[in-house]
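A short write-up of the structure that comes next.
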Amino acid sequence: MTGDPLPAFGFRVEASQGAARAGRLALPHGEVLTPAFMPVGTYGTVRGLHPDEVERAGAQIILGNTYHLHLRPGEETVRALGGLHRFSTWPRPMLTDSGGFQVFSLSGLRTISEDGVEFTSHLDGSVRRLTAESSMEIQWALGADIAMAFDHVVPGQASRELATEGMEQTLRWLARCRRRHAELADGGARQTLWPIVQGGVHEDLRRRSLEGTLAQGPWTGVAIGGLSVGEPKPVMHRVLESLAGGLPAERPRYLMGVGFPDDLVEGIARGVDLFDCVAATRNGRHGSAWTERGKLNIRKAEHRASEEPLDSGCDCATCARFSRGYLRHLFVAEEMLGLRLVSLHNVRFLLRVGEQARQAILEGRFDRWSEAWLRRYSGREDS
């Protein structure tokens, strides 16, 4: 199902089953079929992988990191070299985060005020400032299709008081982000701004955040932040369920920083359209591979003489060519190729989860597919 052409930044739900949705998002650098995983290119590259490899793996959109690109090489360097798409040679859509999560993770190295955040660079110790306005200016210079609003992230087990403070601060910063982004865009349509719903694990705060966010709209998409930061997974699921009814049905929903395989399936079941996470390549660099039957550590001696691929059901370039025995050899020998091949497998694994979920939604069998997938992945297939 395609329907009429979508306008710039338009989104169409093509099928649904329960809360799960199969959609189509139009961006300046191409369309994104959802649900979809976005590989993370922190420094303008998905770590260890060539852009062609990422594209062949099925990536439709990747994420760049505002904080890291601001520190190195600097947004003005990226702008002078044609923007992040040309700089990185990635031809498809891109999204940049706001820098809020990275500043949150600095903990003792930053000070938060009404104006913004003052932090110490982890590279050279210099003192920097990041505000709602400067986050918009950096992201505009980088030139991704989607820019994220600057937000105040709190830990998953944050008190109600701290979660309220972060949520209210995020709403105040959102108004400033919207104003500055509009000034930069000046009626142009090469980049859109998405807000971020905060509120910790407190459902009423999440609803207040969503109401305050929508009141400042309209928006072309809405993100949910501050989850998968230490809270139990059932709590994350409960928060998503509490938000589902209030999120605009005609806009894409992006769950930030969440990207383990079972998290994708559970999130899609609760109405999420887009995901991102560094875990695919981070785990891959340590020899941890995802398979249809759970996680596999390729470093283990049991794989030394195995002729099996990482996952017999996978269609990635790694599984099509290399055995577990060879991959283990690469890790034992400390060859870079091993890190790259398992990272590539993990990226493709997550992209394929999104593709399979979309097809199941379009065919009206998502509930059966997701239940079977989760049972197999968790090792409960025969229980």
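Scanning for something under 25 Å from the mean Cα position of the chain (by Cα), among the hydrophobic types (A, V, I, L, M, F, W, C) and within 19 Å of D273 (Cβ to Cβ), does region 308-329 turn up at least one residue? Lay out the reasoning, then the answer.
Kept after step one, since they are under 25 Å from the mean Cα position of the chain (by Cα), are these residues of region 308-329: 310-311, 313-319.
In the following step, the residues that additionally are among the hydrophobic types (A, V, I, L, M, F, W, C) were identified as 310, 314, 316-317, 319.
Imposing the further condition that a residue be within 19 Å of D273 (Cβ to Cβ) reduces the set to none.
Within region 308-329 (the criterion being under 25 Å from the mean Cα position of the chain (by Cα), among the hydrophobic types (A, V, I, L, M, F, W, C) and within 19 Å of D273 (Cβ to Cβ)), the answer is no, since none of the residues qualifies.
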Worksheet item: Given the conditions (1) within 18 Å of the chain's Cα centre (by Cα); (2) surrounded by fewer than 18 Cβ atoms within 10 Å (Cβ to Cβ); (3) of a type in the set (A, V, I, L, M), which single one is not true for V32?
Response: (2)
Discussion item. Among the listed residues A269, A215, A182, identify the single one that is buried (at least 16 other Cβ atoms within 10 Å of the Cβ) and either in the same structural domain as M38 (by TED's automatic domain parsing) or among the β-branched types (V, I, T) (or both).
Written reply: A269
Worksheet item: When region 361-378 is examined, which residues are found to be touching a residue at least 24 places away in the same chain (Cβ under 8 Å) and either surrounded by 16 or more Cβ atoms within 10 Å (Cβ to Cβ) or assigned to a helix (DSSP H, G or I) (or both)?
Response: I361, L362, F366, D367, S370, W373, L374, R376, Y377
Worksheet item: If we keep just the residues of region 76-107 that are in contact (Cβ under 8 Å) with a residue 60 or more places away in the chain and of a type in the set (D, E, K, R), which is surrounded by the fewest Cβ atoms within 10 Å (Cβ to Cβ)?
Response: E76
Response to the item:
Residue set Q139, Q60; condition in contact with a strand residue (DSSP E or B) (Cβ under 8 Å, 6 or more places away or on another chain) and either outside any helix (DSSP H, G or I) or on the phi > 0 side of the Ramachandran plot (or both); output residue Q60
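Does L174 meet the test of being touching a residue at least 24 places away in the same chain (Cβ under 8 Å), assigned to a helix (DSSP H, G or I) and not hydroxyl-bearing (S, T, Y)? Give the derivation first.
Working: touching a residue at least 24 places away in the same chain (Cβ under 8 Å): yes; assigned to a helix (DSSP H, G or I): yes; not hydroxyl-bearing (S, T, Y): yes.
Against the criterion (touching a residue at least 24 places away in the same chain (Cβ under 8 Å), assigned to a helix (DSSP H, G or I) and not hydroxyl-bearing (S, T, Y)), L174 qualifies.
With respect to L350, is the statement that it is among the aliphatic types (A, V, I, L, M), surrounded by 19 or more Cβ atoms within 10 Å (Cβ to Cβ) and within 28 Å of G18 (Cβ to Cβ) true?
The answer is yes for L350.
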Practice prompt. Scan region 349-356 and give yes if some residue there is among the small types (G, A, S), more than 28 Å from D52 (Cβ to Cβ) and touching a residue at least 24 places away in the same chain (Cβ under 8 Å), otherwise no.
Written response: no
Fill in: Candidates A144, A182 - the one that is of a type outside the set (S, T, Y), within 24 Å of G10 (Cα to Cα) and not in a helix (DSSP H, G or I)
A144
Worksheet, complete the sentence: Taking region 18-40 and the residues there that are of a type in the set (V, I, T) and touching an Asp or Glu at 6+ places or on another chain (Cβ under 6 Å), the one that is farthest from P248 (Cα to Cα) would be V40
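Criterion first (at pLDDT 95 or above, touching a Phe, Trp or Tyr at 6+ places or on another chain (Cβ under 8 Å), assigned by TED's automatic domain parsing to the domain that holds L27 and under 18 Å from F150 (Cβ atoms)) does L81 satisfy it?
On the way: at pLDDT 95 or above: yes; touching a Phe, Trp or Tyr at 6+ places or on another chain (Cβ under 8 Å): yes; assigned by TED's automatic domain parsing to the domain that holds L27: yes; under 18 Å from F150 (Cβ atoms): no.
Taking the combined requirement at face value, the residue does not satisfy it.
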Item to complete: Just one of (1) surrounded by fewer than 22 Cβ atoms within 10 Å (Cβ to Cβ); (2) of a type outside the set (F, W, Y); (3) in a loop (DSSP other than H, G, I, E, B) trips up V46, so point out which.
Response: (1)
Response to the item:
Residue count, region 164-178, condition over 21 Å from the mean Cα position of the chain (by Cα) and closer than 20 Å to E137 by Cβ, comes to 6
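For E355, indicate whether it is touching a Lys or Arg at 6+ places or on another chain (Cβ under 8 Å) and not assigned by TED's automatic domain parsing to the domain that holds G41. Before the answer, list the steps.
Details: touching a Lys or Arg at 6+ places or on another chain (Cβ under 8 Å): no; not assigned by TED's automatic domain parsing to the domain that holds G41: yes.
The answer is no for E355.
The values are calculated or read from the model by the stated rules, or taken from the named source; none is laboratory data. Remember, predicted model here, so these are calculated numbers, not experimental data. Methodologically, a virtual Cβ is constructed for each residue, glycine included, from the backbone with ideal geometry; neighbour enumeration extends over all protein chains shown.
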